[in-house]
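These notes are about the structure you will find just below.
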Amino acid sequence: MPQFSDTELTAAVVRSFEETPDARVKFLMEELVKSLHDYVRKTDLTFDEWGYAIDFLTRIGQKCTDTRQEFILLSDVLGVSMLVDAVNHRARDGATETTVLGPFYVGEHKQMPHGADISANLPGERMFVQSRVTDLAGKPLAGVPVDVWHADGDGYYDSQSPTYETDGPSSRARFVTDADGRLFFRTILPCSYPIPTDGPVGEMILQTRRHPMRPAHVHFLVNAAGYEPLITHVFIGGDKYLDSDVVFGVKDDLVANVEKRTDPTMPDGKKASAPWHLMTYEFRLKPGEGAAPKPLGSRVSEDA
Ligand code: BEZ
Ligand code: FE
């Protein structure tokens, strides 16, 4: 009957994966075990601490629903999501930078016509968003679906509302680029907001004296055939949390100078009833492939 010292134990567990048929799975399992064992050795983890960790992860799982993904949130606040993003996007070659998908890509991205107001009934300062999708050489890409979503003026996503199922989507839509690669829409100026703190992730954020805030942003998922899917945000320049995003998602190139305007008409010639903001941002796609992520609950409408 084998008995192991703590370092022999690691080698024995690694050996236990020897027969794994898939080489990548074998490698991932071996490295996972090595890293976990190193952590336990380095920290001299106590039974109480280990029990706490098991309970914490159990509660993370129990908090998950079709529209709430506490595991993604955990990955985000520990910087794992941005690290996975970094190792998969090492060379951008001039393509737009990527950032976290976040837990609020829940589907229901119905196609809307250019110029539509995706936050029609919400209070807030109005914003006109104009954008273009091109390849790396600046050639416009037509017919590209672009999913957009953002928080309301109180910092909540539609899917966080208890009445989401009956109210339907708000501040989320899909636009398809025109012949010139352009899209434009109306919405409200989003504000900075806290990630959900009513679960185990929030508990950890508060216990470790971190703040839970994300700087104001609009999410974009640009998904063109023959190009890498682009998952990104455009951040509102000047936000006070740009330097301390709780999920480490800000990149300089993704910060837009959103201008305050008083012109009586918006860029599409329609009347503005009050001062408004203009966000202008161009997305450059890198040739490649890959499936865009499926939304939580996979409720994205197939006909959109
Ligand atoms: C978001 O921007 O929607 C988000 C991203 C990561 C964690 C929480 C929220
Ligand atoms: Fe967000």
Have a look at 136, 73, 78, 101 and point out the one that is modelled with pLDDT of 95 or more and either open to solvent by less than 40 Å² (accessible area, probe 1.4 Å) or within 16 Å of ligand 1 (Cβ to nearest atom) (or both). 78
Being touching a helix residue (DSSP H, G or I) at 6+ places or on another chain (Cβ under 7 Å) and closer than 30 Å to residue 113 by Cα: is that true of residue 172 here? yes
Would you pick out the residues in region 51-62 that are in contact with a Leu (Cβ under 9 Å, 6 or more places away or on another chain) and either open to solvent by 30 Å² or more (accessible area, probe 1.4 Å) or within 15 Å of ligand 2 (Cβ to nearest atom) (or both)? 53, 57
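For (1) open to solvent by less than 10 Å² (accessible area, probe 1.4 Å); (2) at pLDDT below 95; (3) out of contact with any strand residue (DSSP E or B) (no Cβ under 8 Å at 6 or more places or on another chain); (4) within 16 Å of ligand 1 (Cβ to nearest atom), each residue gets a yes or a no:
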position: 209; (1), (2), (3), (4): no, no, yes, no
position: 219; (1), (2), (3), (4): yes, no, no, yes
position: 243; (1), (2), (3), (4): no, no, yes, no
position: 252; (1), (2), (3), (4): no, no, yes, no
position: 274; (1), (2), (3), (4): no, yes, no, no
Just to be sure before I move on: is residue 228 of a type outside the set (A, V, I, L, M, F, W, C) and closer than 21 Å to residue 115 by Cα in the structure I sent? no
Restricting region 226-241 to residues that are in a loop (DSSP other than H, G, I, E, B) and free of Cβ contacts under 8 Å to residues at least 40 places away in the same chain, the one least open to solvent (accessible area, probe 1.4 Å) turns out to be 237
I need the full set of residues from region 101-157 which are charged (D, E, K, R) and either more than 22 Å from residue 247 (Cβ to Cβ) or without any contact (Cβ under 8 Å) to a residue 40 or more places away in the chain (or both), in order please. 108, 110, 117, 125, 126, 132, 135, 139, 152, 154
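Quick grid of which residues meet (1) in a loop (DSSP other than H, G, I, E, B); (2) of a type in the set (Phe, Trp, Tyr); (3) more than 20 Å from residue 102 (Cβ to Cβ):
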| residue | (1), (2), (3) |
| --- | --- |
| 269 | yes, no, yes |
| 279 | no, no, no |
| 282 | no, no, yes |
| 292 | yes, no, no |
Can you tell me how many residues in region 254-270 are out of contact with any strand residue (DSSP E or B) (no Cβ under 7 Å at 6 or more places or on another chain) and either under 26 Å from residue 85 (Cα atoms) or surrounded by 14 or more Cβ atoms within 10 Å (Cβ to Cβ) (or both)? 1
Only one of these conditions is not met by residue 181: (1) open to solvent by less than 30 Å² (accessible area, probe 1.4 Å); (2) within 16 Å of ligand 2 (Cβ to nearest atom). Which number is it? (2)
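Answer with yes or no whether residue 167 is farther than 26 Å from residue 259 by Cβ, away from ligand 2 (no atom under 15 Å from the Cβ) and surrounded by fewer than 21 Cβ atoms within 10 Å (Cβ to Cβ).
Answer is yes for this residue.
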If we keep only residues of region 276-304 that are modelled with pLDDT of 95 or more and aliphatic (A, V, I, L, M), then the residue farthest from residue 143 (Cα to Cα) is 278
Can you list residue pairs whose Cβ atoms sit under 8 Å apart, with the first residue in region 262-276 being at negative phi and the second being of a type in the set (Gly, Ala, Ser) and part of a loop (DSSP other than H, G, I, E, B)? Count only pairs 6 or more apart in sequence or on different chains. 263/272; 264/272; 265/272; 266/272; 268/115; 270/115
Verdict on residue 150 being within 16 Å of ligand 1 (Cβ to nearest atom), closer than 30 Å to residue 268 by Cα and modelled with pLDDT of 95 or more: yes
List the pairs whose first member sits in region 72-95 and is without any contact (Cβ under 8 Å) to a residue 12 or more places away in the chain, whose second member is within 16 Å of ligand 2 (Cβ to nearest atom) and of a type in the set (Gly, Ala, Ser), and whose Cβ atoms are under 7 Å apart, counting only residues at least 6 apart or on separate chains? 75/81
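The values are calculated or read from the model by the stated rules, or taken from the named source; none is laboratory data. Keep in mind it's a predicted model, so treat the numbers as computed, not measured. As a convention, Cβ positions derive from the backbone with ideal geometry for all residues, glycine included, and neighbour counts pool all protein chains shown. Please note that ligands, DNA and RNA were not included when accessible areas were found on the heavy atoms of the full protein model with its side chains. Shrake-Rupley method; radii C 1.70, N 1.55, O 1.52, S 1.80 Å.
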